[in-house]
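The values are calculated or read from the model by the stated rules, or taken from the named source; none is laboratory data. Since the structure is predicted, the reported quantities are computational estimates derived from the model, not experimental observations. In this analysis, Cβ positions are derived from the backbone assuming ideal geometry, glycine residues included, and neighbour counts consider all displayed protein chains.
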Amino acid sequence: MDKQFELTDKGIKRRHALSVAGSLLTLSVIPKWAQAAVPQVLAVRTWPADEYTRVTLELSSPLTAEHFMLENPNRLVVDLQGITLNQALNSLVSQIKPNDPYIQSIRVGQNRADVVRLVMDLKQSIAPQVFTLKPIGDYQYRLVLDLYPKVAHDPLMALLDSPGDDPLAGIIDQLGANRPTTNAPTVQGQIAPKAPPASSGSKSRGSRPILIAIDPGHGGEDPGAIGPSGTREKDIVLAIGKYLRDQINAQPNMRAYMTRDADFFVPLQVRVQKTRRVKADIFVSIHADAFTNPSAKGTTVFTLSTKGASSASAKWLANRENQADMIGGVDFGVHDKSTASVLLDLSTTQQIQDSLKIGHRVLSALGKVNGVHSRRVEQAGFAVLRSPDTPSILVETAFISNPQEEKFLRSKSNQKALAQGILRGLQDYLATNPPLARMG
């Protein structure tokens, strides 16, 4: 341990004892299912994003971690008990990127014989979330450090970056006169964002741009399906989503909102919350299918079902997609659960009927791009489609598990064509089915 870290560590101990003695937050991450073993840090990963930065420590077995905050300057201190410093932990220092919105730098040192201390120098005040995840898929135990801003982001504010003449005006007018469908997503310790500013001009609902919520699946710790050549679903669908966003924003009467626009994980229920917060007219979740049979090919479109899946394959896929939270990593104790299981019960027959109509139009348009796997719109209990007031579809653009379709998906021209197909299907639907005003 170098002298600089030792001095910093002593300063932290003294200041912690004097000013934050009562604020120590202890996280016991050794639950009943853990086996007694000396933990080793196997790998470290960072996922910086505007909404939050995630730091993941992958472990051979669970450990106990204690964390506390210090101010002036802002720091997050994490003590990892029962381990010794190794190469994986040391590599965390070099993984911090200059454009990380929350972490300025990280210092790592052996604080005591069996305690490694992480000191994160912060760029702003945060609401840290520290939790452990059980092994799943290719991952072993994971200690997750999520650094959220102290004041939660409001999805409505993201629309301010959209092109055009004040696309927020109509939405803000609605919110000013009526309660929003849902609040902005928050985690424990965050402060809710202030209400949106009053718009400078008034727009009627009829002149408000039609708002499409684009949801690129997976992200961050959750790669989604992986093709034979190593292509990751999360990367492909994000690229398609960005092309779709740009194409929608180029239309005079439409605007796009993305649930994620970078490589970070968004819990399924937060995707729904974001969509409802901005009062999107239509929700489109983009994916790239995978199946045990590598010859499976074509596009499939899904909507929600409250009465069971339309086929065995639809049920299988919904179960797989609904595992995203376990793979991506969610601390279910801190996220608002109001939109989880309740939303399925709230979903109306009208919403599902509208979703089916949209799905048919989109499937027809995409069939001209890549052919179809199923000629009908399939239905199953996809968690991400459980919005009671927004028609929602999930598009499996192609089978990334098929070597030919994996190659198809990697092509930028094909990604653009898929985005154009989705837009064409949406426009076909909207030409005869203008969205209903949802003013209450």
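Structure above, values below:
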{"item": "Output for segment 97-129, where each listed residue is at pLDDT 95 or above, closer than 15 Å to Asp50 by Cα and either touching a Ser or Thr at 6+ places or on another chain (Cβ under 9 Å) or of a type in the set (A, V, I, L, M) (or both)", "result": "Asp100, Pro101, Tyr102, Ile103, Leu122, Ile126, Ala127"}
{"item": "Pick from segment 110-162, criterion polar (S, T, N, Q) and assigned by TED's automatic domain parsing to the domain that holds Arg45, ranking: nearest to the chain's Cα centre (by Cα)", "result": "Gln129"}
{"item": "Scope segment 124-144; condition outside any strand (DSSP E or B) and in contact (Cβ under 8 Å) with a residue 40 or more places away in the chain; matching residues", "result": "Gln124, Ser125, Lys134, Gly137, Gln140"}
{"item": "Subset of segment 218-267 that is on the phi > 0 side of the Ramachandran plot and in a loop (DSSP other than H, G, I, E, B) - its residue that is farthest from the chain's Cα centre (by Cα)", "result": "Gly230"}
{"item": "Criterion violated by Lys416 - all others in (1) in a helix (DSSP H, G or I); (2) charged (D, E, K, R); (3) over 23 Å from Ala296 (Cα atoms); (4) under 26 Å from the mean Cα position of the chain (by Cα) satisfied", "result": "(3)"}
{"item": "Evaluation of Ser310 against (1) at pLDDT below 85; (2) closer than 19 Å to Arg271 by Cβ; (3) over 15 Å from the mean Cα position of the chain (by Cα) (one fails), failing number", "result": "(2)"}
{"item": "Set Lys234, Lys274, Lys242: member being under 19 Å from Phe382 (Cβ atoms) and without any contact (Cβ under 8 Å) to a residue 40 or more places away in the chain", "result": "Lys234"}
{"item": "Every pair of residues 6+ apart whose Cβ atoms lie under 6 Å, when the first sits in segment 283-300 and is on the phi < 0 side of the Ramachandran plot and surrounded by fewer than 24 Cβ atoms within 10 Å (Cβ to Cβ) while the second is in a strand (DSSP E or B) and among the acidic types (Asp, Glu)", "result": "none"}
